[in-house]
Amino acid sequence: MTEFLLSVHVLVAIVTVGSITVAASMFPRVALRACGGGEREDGGPAGGTGTAVVLHRVCAGYAVAGVVVPVFGVATGAQLGVLTDTWLIVSMVLTTLAAALLGLAVLPGQRRLLALAEGASSAADARPVASRLAMLTGVFNLLWAVVVVLMIVRPGSTTGV
């Protein structure tokens, strides 16, 4: 049973968190380009909001599906008897912070930048929003990177390095 729980936990984490990480990282630049703040890599003119909308939908949709990750993580931790281990508690706190950052700052920031792009705002108006969003996304990604390291190293475990 432990192997099943851990497998679901890891697979869903890879699919959901990985997708959110990539889509959220790409979003500010794509949305800024939709506001006229840049050219495509092939030198063509800035495009519409279609790609930015898709990236936002990926982030929002996978955020909902990502709830499965901590559910199966806690179930796995309970099976292994490690729910009170410091590394797991720190991981759960960081996961909660990452989820809060995503739900309270990143997704609303994406919606705001989309509204600017769809309202034909200038790049000058959108650039500060995109910069802040890029920074918040970086913090979100860093939190997940620390959680991944904690999950791999598992300080104090018999399998840890």
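The values are calculated or read from the model by the stated rules, or taken from the named source; none is laboratory data. This is a predicted model, so every value here is computed, not measured. Heads up, the Cβs are rebuilt from the backbone with ideal geometry, glycines too, and the neighbour counts pull from every protein chain shown. Ligands, DNA and RNA are excluded from the accessible area calculation, which covers all protein heavy atoms including side chains. Shrake-Rupley method; radii C 1.70, N 1.55, O 1.52, S 1.80 Å.
Odds and ends about this structure:
- Annotation: residue 61 fulfils all but one of (1) touching a residue at least 24 places away in the same chain (Cβ under 8 Å); (2) under 17 Å from the mean Cα position of the chain (by Cα); the unmet one is (1).
- Evaluated against (1) modelled with pLDDT under 90; (2) open to solvent by less than 50 Å² (accessible area, probe 1.4 Å); (3) closer than 18 Å to residue 60 by Cβ, residue 118 falls short on exactly one condition, (2).
- Exactly one residue among 78, 105, 52 is crowded, with 16+ Cβ neighbours inside 10 Å and over 20 Å from residue 144 (Cβ atoms), and that residue is 52.
- Test: residue in the range 66-73 that is open to solvent by less than 80 Å² (accessible area, probe 1.4 Å), more than 23 Å from residue 122 (Cβ to Cβ), within 23 Å of the chain's Cα centre (by Cα) and modelled with pLDDT of 95 or more: no
- For the range 139-159, the count of residues that are over 22 Å from the mean Cα position of the chain (by Cα), in contact (Cβ under 8 Å) with a residue 60 or more places away in the chain and part of a helix (DSSP H, G or I) is zero.
- When the range 90-119 is filtered for residues that are touching a residue at least 60 places away in the same chain (Cβ under 8 Å) and either more than 20 Å from the chain's Cα centre (by Cα) or under 13 Å from residue 49 (Cα atoms) (or both), the ones remaining, listed by number, are 110, 113, 114, 116, 117, 118.
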